[in-house]
1. Which residue is surrounded by the most Cβ atoms within 10 Å (Cβ to Cβ), if the candidates are limited to segment 1-42 and must be part of a helix (DSSP H, G or I) and polar (S, T, N, Q)?
2. Going through segment 43-84 one residue at a time, which ones are outside any helix (DSSP H, G or I), surrounded by 12 or more Cβ atoms within 10 Å (Cβ to Cβ) and of a type in the set (D, E, K, R)?
3. Can you find even one residue in segment 19-29 that is touching a Cys at 6+ places or on another chain (Cβ under 6 Å) and either aromatic (Phe, Trp, Tyr) or modelled with pLDDT of 85 or more (or both)?
4. Which numbered condition trips up residue 73, out of (1) free of Cβ contacts under 8 Å to residues at least 12 places away in the same chain; (2) closer than 11 Å to residue 3 by Cβ; (3) not aliphatic (A, V, I, L, M)?
Amino acid sequence: MSVLELVKASLRGADDEDDALLLQLIDSASRECAQYIYGGVPDYDLAGAAKNPVHVPELVNGIVILVQADYEDDHARRDEYVAVARKLWWPYRNDLSI
């Protein structure tokens, strides 16, 4: 299942007409994820596609949550959504050495 399909399933009301917006929101959320886990958005051509958060299933859930927050345009609750997404992303941060 693609990230777009996961997002549309989570929204339960998104139509094909919304695809362009949703793809833009997915890109924005995946960049926010990369910024959080890597400290910056890497050049995926150099770092490899596997470094792209949309290719890591565990990171995709946080991306879907952020897309949902932005799509619903609920500014009051966005911070809550971001906190949940960051909890999902936390184990993948580059600056954590276990």
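The values are calculated or read from the model by the stated rules, or taken from the named source; none is laboratory data. Everything numeric in this text was worked out from a predicted model, so none of it was measured. Methodologically, a virtual Cβ is constructed for each residue, glycine included, from the backbone with ideal geometry; neighbour enumeration extends over all protein chains shown.
1. To start, the set of residues in segment 1-42 that are part of a helix (DSSP H, G or I) comprises 3-11, 16-38.
Narrowing the set further to residues that are polar (S, T, N, Q) leaves 10, 24, 28, 30, 35.
Numbers: 10: 14, 24: 12, 28: 14, 30: 22, 35: 12.
Ranking the candidates gives 30 first.
2. If we filter segment 43-84 for residues that are outside any helix (DSSP H, G or I), which is where we start, we get 43, 48, 52, 56, 73-74.
Filter again for surrounded by 12 or more Cβ atoms within 10 Å (Cβ to Cβ), leaving 52, 56, 74.
Answer for segment 43-84, where residues must be outside any helix (DSSP H, G or I), surrounded by 12 or more Cβ atoms within 10 Å (Cβ to Cβ) and of a type in the set (D, E, K, R): just 74.
3. To start, the set of residues in segment 19-29 that are touching a Cys at 6+ places or on another chain (Cβ under 6 Å) comprises none.
For segment 19-29, residues touching a Cys at 6+ places or on another chain (Cβ under 6 Å) and either aromatic (Phe, Trp, Tyr) or modelled with pLDDT of 85 or more (or both): absent.
4. In the conditions (1) free of Cβ contacts under 8 Å to residues at least 12 places away in the same chain; (2) closer than 11 Å to residue 3 by Cβ; (3) not aliphatic (A, V, I, L, M), residue 73 misses (2) alone.
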